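Visitor: Before we start, here is the structure in question, set down as structure tokens.
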């Protein structure tokens, strides 16, 4: 009883904090960072469906993210309304996700990763080289944010609430997904694909549907992204963006709901803070990757807990030896 | 018509370059099962190193200026001058530069395999992330050292110019690249299929524990293969630099190409890498001439077709 109540109370407090954030955080800069964290958390949650629950590591999600963004941006540029552009973008991203899934699910494991990487690079190639369609390196400007129910989202705070609404819906969808029988069967295909097959489950179909679900939310995140930046460029589709998304999922801890959200927060804050002091964000990203893989392969949240325990045990047995481990965990 | 023949020569030489790039990738991926996402970085690093060696030669020593400022306080700031020992005069022979570039990157590859990848043996996802992270670090170091401006070494003077054949001009350097690629392909085939070392490598790949039991040092062999693959990529980078020029982002451009060559040809198959390289070489050059907007996309079409019809690749074996 207590565990569930603590959990519910924690969720209620978290939602309350998020709802009142603009009251106790002053400054457009910080509110914008909060919006960024939420939109990237949607992307990380979507990728986590495949990486964490499906055991399928995709390095092509920036491609899907960019497809949604570009579709909407180009339609808006050609005079379509926001509703039409967004619906079309989500439709296109679902079709693209289906194509990605049909090709990539020819393989699992490392083959899956390589194929998604190549597919993501195709999207980048179109965005960068097919200048007649995508304006190449110049990118596409998005003129203005939508006005749902007549509320203008131009300034930071209303946009924050719009992002928050989408973010909460995404989290709720992920919760339902994880607890549903379908979520359980997806985890089954991750752990024991052959047994699931023998039990009569269509492993391929389960993975395919999971890919579509992941692709849909990636598209939603892509739409939030272009409205946030009011601009989209080939950089969005680059391999580095896919890698950043993967870093969010893995740094927080895969196959948890909280992990990708924490990971998105860490990466966005790091990126903003580090690039304010240091122009070498790419190197920092690479070094963080290497350090996490070498010292905390299971992710920051579980990894810190493990290293903390280790340090505590070491402290109780041999105080001097515990110092380096303790530093690392903090 | 003549335009298409010239394109064909360009395609074959580009295919030769791709073979140098993807043979190492195929060996590392096929034999060691390591998805090395740093392969494009090795290519780019080799190309940059080769360009610098060609321009400035190779010397040890020089003037250093260590300087560290933290929170507005200068911690140290002084100049050290060491006498420079010239190992190689500026403008050395092109192949010497290519071999040195390849050797340096091979050493870097060996260190990475020995100290980082070895710890992750058999864990593919961490290997992917580690090599991806390192590729970002390498890209940023290259940007720091060589800045963002493209570097294009001159075509080596002894191979400058073109030969005339049936009224068409073929650049000599491109023909040299093809010849080098063919020589290396034959050497690799002899090494893997016909030497004791090759037999040991194949044994280590097929069944590492048994190979270890009969006294084969499998770990050392794997370090050797990784270094060889990295060195080949870097050598290819130097060979390709007069044609492609070297610029930031070359790594991310070459990695997917190596990937499609290997998916197309079948992992671990040298013949597959060779055939795949030439197919992609032709597609890239003709695509660029006929549909410039979509050249990069056309590259990926054969991969899609092969994945649908023959997932193990043209010359790949079905892994049970």
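The values are calculated or read from the model by the stated rules, or taken from the named source; none is laboratory data. Given the structure is predicted, the values throughout are model-derived calculations rather than measurements. Here the Cβ is made from the backbone with ideal geometry for all residues, glycine too, and neighbour counts use every protein chain on show.
Visitor: Looking at A:167, A:112, A:159, which one is closer than 24 Å to residue B:257 by Cα, crowded, with 19+ Cβ neighbours inside 10 Å, in contact with a helix residue (DSSP H, G or I) (Cβ under 9 Å, 6 or more places away or on another chain) and more than 8 Å from chain B (Cβ to nearest Cβ)?
Guide: Details: A:167 fails: closer than 24 Å to residue B:257 by Cα; A:159 fails: closer than 24 Å to residue B:257 by Cα.
None of the others qualify; the one that does is A:112.
Visitor: If you don't mind, there's one more thing I want to ask. Can you pull out every residue in the stretch B:311-320 that is more than 12 Å from chain A (Cβ to nearest Cβ) and either crowded, with 24+ Cβ neighbours inside 10 Å or free of Cβ contacts under 8 Å to residues at least 12 places away in the same chain (or both)?
Guide: Our first condition is that a residue be more than 12 Å from chain A (Cβ to nearest Cβ); within the stretch B:311-320, this holds for B:314-315, B:317-318, B:320.
Correct list: B:318, B:320.
Visitor: Name the single residue, out of those in the stretch A:124-139 being within 9 Å of chain B (Cβ to nearest Cβ) and assigned to a helix (DSSP H, G or I), that is surrounded by the fewest Cβ atoms within 10 Å (Cβ to Cβ). Break it down into steps so the answer makes sense when it comes.
Guide: The first filter runs over the stretch A:124-139 and keeps only residues within 9 Å of chain B (Cβ to nearest Cβ), leaving A:124-126, A:128-133.
Now narrow it down to the ones that are assigned to a helix (DSSP H, G or I): A:124-126, A:128-129, A:131-133.
Values: A:124: 26, A:125: 22, A:126: 21, A:128: 19, A:129: 20, A:131: 13, A:132: 8, A:133: 14.
This residue is A:132.
Visitor: In the stretch B:270-320, how many are closer than 20 Å to residue A:119 by Cβ and in a helix (DSSP H, G or I)?
Guide: Selection size over the stretch B:270-320: 21.
Visitor: Still on this structure: Can you pull out the residues in the stretch A:226-243 that are within 20 Å of residue A:133 (Cα to Cα), in contact with a helix residue (DSSP H, G or I) (Cβ under 6 Å, 6 or more places away or on another chain) and part of a helix (DSSP H, G or I)?
Guide: A:226, A:234, A:236, A:237
Residue by residue, here is whether (1) within 14 Å of chain A (Cβ to nearest Cβ); (2) within 22 Å of the chain's Cα centre (by Cα); (3) closer than 25 Å to residue A:287 by Cβ; (4) not in a strand (DSSP E or B) holds:
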| position | (1), (2), (3), (4) |
| --- | --- |
| B:35 | yes, yes, yes, yes |
| B:50 | no, yes, no, yes |
| B:82 | no, no, no, no |
| B:144 | yes, yes, yes, yes |
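Visitor: Which numbered condition trips up residue B:267, out of (1) modelled with pLDDT under 90; (2) within 13 Å of chain A (Cβ to nearest Cβ); (3) assigned to a helix (DSSP H, G or I)?
Guide: The failed condition is (3).
Visitor: Identify the residue in the stretch A:255-267 that is under 14 Å from residue A:244 (Cα atoms) and away from every other protein chain (no Cβ under 14 Å) and, among all such residues, is surrounded by the most Cβ atoms within 10 Å (Cβ to Cβ).
Guide: Narrowing the stretch A:255-267 to residues under 14 Å from residue A:244 (Cα atoms): A:260-267.
Of the ones still in play, those that are also away from every other protein chain (no Cβ under 14 Å) are A:260-262, A:264-266.
Working: A:260: 32, A:261: 25, A:262: 20, A:264: 28, A:265: 20, A:266: 18.
Ranking the qualifying residues of the stretch A:255-267, first place goes to A:260.
Visitor: Just for the stretch B:179-206: of the residues that are part of a helix (DSSP H, G or I) and farther than 17 Å from residue B:24 by Cα, which one is nearest to the chain's Cα centre (by Cα)?
Guide: In the first step, residues of the stretch B:179-206 are kept if they are part of a helix (DSSP H, G or I); the result is B:179-194, B:196-206.
Keeping just the survivors that are farther than 17 Å from residue B:24 by Cα gives B:179, B:194, B:196, B:199-200, B:203-204, B:206.
Numbers: B:179: 17, B:194: 24, B:196: 26, B:199: 24, B:200: 24, B:203: 25, B:204: 24, B:206: 25 Å.
Ranking the candidates gives B:179 first.
Visitor: Hey, another quick one. Mind checking whether some residue in the stretch A:79-88 is more than 10 Å from every other protein chain (Cβ to nearest Cβ), in contact with a helix residue (DSSP H, G or I) (Cβ under 8 Å, 6 or more places away or on another chain) and farther than 25 Å from residue A:235 by Cβ? Full working, then the answer.
Guide: From the stretch A:79-88, those more than 10 Å from every other protein chain (Cβ to nearest Cβ) are A:79-88; that's our starting set.
So of that shortlist, the ones also in contact with a helix residue (DSSP H, G or I) (Cβ under 8 Å, 6 or more places away or on another chain) come out as A:80, A:82, A:84-86, A:88.
Retained after the next criterion (residues that are farther than 25 Å from residue A:235 by Cβ): A:84.
Checked the stretch A:79-88: at least one residue is more than 10 Å from every other protein chain (Cβ to nearest Cβ), in contact with a helix residue (DSSP H, G or I) (Cβ under 8 Å, 6 or more places away or on another chain) and farther than 25 Å from residue A:235 by Cβ.
Visitor: Here's a follow-up. Return a yes/no flag: does the stretch A:167-189 have any residue that is outside any helix (DSSP H, G or I) and either closer than 15 Å to residue A:49 by Cβ or at pLDDT 90 or above (or both). Outline the logic, then answer.
Guide: Taking the stretch A:167-189 and keeping what is outside any helix (DSSP H, G or I), we get A:180.
Among the residues that remain, those that are also either closer than 15 Å to residue A:49 by Cβ or at pLDDT 90 or above (or both) are: A:180.
Yes, that holds for at least one residue.
Visitor: Are any of the residues in the stretch B:169-176 within 14 Å of another protein chain (Cβ to nearest Cβ) and in contact with a helix residue (DSSP H, G or I) (Cβ under 8 Å, 6 or more places away or on another chain)? Outline the logic, then answer.
Guide: First, pick out the residues of the stretch B:169-176 that are within 14 Å of another protein chain (Cβ to nearest Cβ): none.
Checking the stretch B:169-176: not a single residue is within 14 Å of another protein chain (Cβ to nearest Cβ) and in contact with a helix residue (DSSP H, G or I) (Cβ under 8 Å, 6 or more places away or on another chain).
Visitor: Please pick out the residue among B:102, B:122 that is out of contact with any strand residue (DSSP E or B) (no Cβ under 6 Å at 6 or more places or on another chain), loosely packed, with under 15 Cβ neighbours inside 10 Å and either in contact (Cβ under 8 Å) with a residue 12 or more places away in the chain or over 22 Å from residue A:282 (Cβ atoms) (or both). If you could, list the steps in order and put the result at the bottom.
Guide: Details: B:102 fails: loosely packed, with under 15 Cβ neighbours inside 10 Å.
Exactly one residue qualifies, and that residue is B:122.
Visitor: Considering only residues that are within 30 Å of residue B:179 (Cα to Cα) and touching a helix residue (DSSP H, G or I) at 6+ places or on another chain (Cβ under 6 Å), look in the stretch B:108-134 and name the one that is farthest from the other protein chains (Cβ to nearest Cβ).
Guide: If we filter the stretch B:108-134 for residues that are within 30 Å of residue B:179 (Cα to Cα), which is where we start, we get B:108-110.
This time we only want the ones that are touching a helix residue (DSSP H, G or I) at 6+ places or on another chain (Cβ under 6 Å), so: B:109-110.
Details: B:109: 16, B:110: 17 Å.
Among those residues, the one meeting the criterion is B:110.
Visitor: Hey, another quick one. If only one of A:73, A:118, A:68 is modelled with pLDDT of 90 or more, in a helix (DSSP H, G or I) and more than 14 Å from residue A:215 (Cα to Cα), which one is it?
Guide: Numbers: A:118 fails: modelled with pLDDT of 90 or more; A:68 fails: more than 14 Å from residue A:215 (Cα to Cα).
Of A:73, A:118, A:68, the one residue that is modelled with pLDDT of 90 or more, in a helix (DSSP H, G or I) and more than 14 Å from residue A:215 (Cα to Cα) is A:73.
Visitor: Now for a different question. Check off (1) closer than 17 Å to residue B:33 by Cβ; (2) not in a loop (DSSP other than H, G, I, E, B) for residue B:233 and give me the number that stays unchecked.
Guide: Going through (1) closer than 17 Å to residue B:33 by Cβ; (2) not in a loop (DSSP other than H, G, I, E, B) one by one, residue B:233 breaks only (1).
Visitor: Looking at the stretch A:147-158, can you tell me whether even one residue there is over 27 Å from residue B:249 (Cβ atoms), touching a residue at least 40 places away in the same chain (Cβ under 8 Å), assigned to a helix (DSSP H, G or I) and under 18 Å from the mean Cα position of the chain (by Cα)?
Guide: Among the residues of the stretch A:147-158, not one is over 27 Å from residue B:249 (Cβ atoms), touching a residue at least 40 places away in the same chain (Cβ under 8 Å), assigned to a helix (DSSP H, G or I) and under 18 Å from the mean Cα position of the chain (by Cα), which makes the answer no.
Visitor: Just to check your reading of the model, which residue among A:44, A:3, A:34 is at negative phi, in a helix (DSSP H, G or I) and buried (at least 24 other Cβ atoms within 10 Å of the Cβ)?
Guide: A:44
Visitor: Scan the stretch B:221-230 and tell me whether some residue there is free of Cβ contacts under 8 Å to residues at least 60 places away in the same chain, within 14 Å of another protein chain (Cβ to nearest Cβ), in contact with a helix residue (DSSP H, G or I) (Cβ under 6 Å, 6 or more places away or on another chain) and in a helix (DSSP H, G or I).
Guide: no
Visitor: Take the stretch B:159-170 and flag every residue that is in contact (Cβ under 8 Å) with a residue 12 or more places away in the chain and loosely packed, with under 12 Cβ neighbours inside 10 Å.
Guide: Hits for the stretch B:159-170 are B:163, B:167.
Visitor: Next question. Out of the residues in the stretch B:280-310 meeting the condition of being under 18 Å from residue B:255 (Cβ atoms) and modelled with pLDDT of 85 or more, tell me which one is farthest from the other protein chains (Cβ to nearest Cβ).
Guide: B:281
Visitor: If you take the residues of the stretch A:268-289 that are in contact (Cβ under 8 Å) with a residue 40 or more places away in the chain and away from chain B (no Cβ under 13 Å), which of them is surrounded by the most Cβ atoms within 10 Å (Cβ to Cβ)? First the steps, then the outcome.
Guide: Keep residues of the stretch A:268-289 that are in contact (Cβ under 8 Å) with a residue 40 or more places away in the chain, which gives A:268-269, A:272, A:282, A:285, A:288-289.
Those still in the list that are away from chain B (no Cβ under 13 Å) too: A:268-269, A:272.
Numbers: A:268: 21, A:269: 13, A:272: 16.
Selected residue: A:268.
Visitor: Let me ask something else about it. Being under 20 Å from residue B:178 (Cα atoms) and surrounded by fewer than 24 Cβ atoms within 10 Å (Cβ to Cβ): is that true of residue B:241 here?
Guide: Considered against the rule, which asks whether it is under 20 Å from residue B:178 (Cα atoms) and surrounded by fewer than 24 Cβ atoms within 10 Å (Cβ to Cβ), residue B:241 comes out as no.
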